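These notes concern the structure reproduced below.
The values are calculated or read from the model by the stated rules, or taken from the named source; none is laboratory data. Worth saying up front: this structure is predicted, and the values here are computed from it rather than measured. A quick note on method: Cβ atoms are made from the backbone with ideal geometry, for glycine too, and the neighbour counts reach across all protein chains shown.
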Amino acid sequence: MSLVIFLAQNLAKINGKMCVVEPENMGDFLYDFKDSFENYNYYYKFEPYRETYIDNENIRMIKIFSISITRWVENCKIEESKLIDKYNLSFTKIKKYAKKITELCDFAINNGYGLLGKGD
């Protein structure tokens with residue numbers, strides 16, 4: 001299962017190159033730790049098996065979610081090796097994904113775009 005998040009306007013991709021690809025097992029990790037992140041319910045609206053559009057008004061909530069991921073990693077009490085063993089995700093990979101979401105959200109907010117999530 002793979003999720004790709006694109007910039008969009010009225011359900012149409014704006015630029016196919018400006019996107020964020022969810023790493024393998026990231027969805028499972030985020031779900032398992034959902035109570036540790038702010039606004040997970042907004043991110044969860046991205047369906048892993050279909051297209052989902054998030055309008056510009058709600059992108060701030062996705063941004064807050066991505067920032068909370070970074071904050072969680074920085075304050076994490078779990079051994080990194082346990083995350084690698086279970087999800088094949090390092091702290092660096094998790095933070096990199098969160099940073100990319102934050103950057104995409106900033107661009108969308110500043111330019112009046114929405115986000116389009118496409119799952120397989």
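See the values below:
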| quantity | calculated |
| --- | --- |
| Some residue of region 109-119 being closer than 20 Å to LYS13 by Cβ and of a type in the set (S, T, N, Q) | yes |
| When residues of region 23-54 are limited to those that are among the basic types (Lys, Arg) and over 18 Å from ILE94 (Cβ atoms), the one surrounded by the most Cβ atoms within 10 Å (Cβ to Cβ) | LYS45 |
| Residue in region 80-90 that is buried (at least 19 other Cβ atoms within 10 Å of the Cβ) and touching a strand residue (DSSP E or B) at 6+ places or on another chain (Cβ under 6 Å) present | no |
| Matching residues, region 90-120, being of a type outside the set (D, E, K, R), at pLDDT 95 or above, within 17 Å of MET26 (Cα to Cα) and under 14 Å from the mean Cα position of the chain (by Cα) | ILE94, TYR97, ALA98, ILE101, THR102 |
| Test for LYS96: is it among the basic types (Lys, Arg), closer than 26 Å to ARG50 by Cα and surrounded by 16 or more Cβ atoms within 10 Å (Cβ to Cβ) | no |
| Scope region 57-77; condition touching a residue at least 40 places away in the same chain (Cβ under 8 Å) and surrounded by fewer than 17 Cβ atoms within 10 Å (Cβ to Cβ); matching residues | ARG60 |
| One residue from GLU103, GLU38, GLU80, GLU47 being in contact (Cβ under 8 Å) with a residue 60 or more places away in the chain and not hydrophobic (A, V, I, L, M, F, W, C) | GLU47 |
| Index of the failed condition, ASP120 passing every other in (1) on the phi > 0 side of the Ramachandran plot; (2) touching a Ser or Thr at 6+ places or on another chain (Cβ under 7 Å) | (1) |
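Residue-wise test of (1) under 15 Å from GLU103 (Cα atoms); (2) in contact with a strand residue (DSSP E or B) (Cβ under 7 Å, 6 or more places away or on another chain).
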{"site": "GLY27", "(1), (2)": "no, yes"}
{"site": "ASP35", "(1), (2)": "no, no"}
{"site": "ASP55", "(1), (2)": "no, yes"}
{"site": "ARG60", "(1), (2)": "yes, no"}
{"site": "PHE65", "(1), (2)": "yes, no"}
{"site": "ASN75", "(1), (2)": "no, no"}
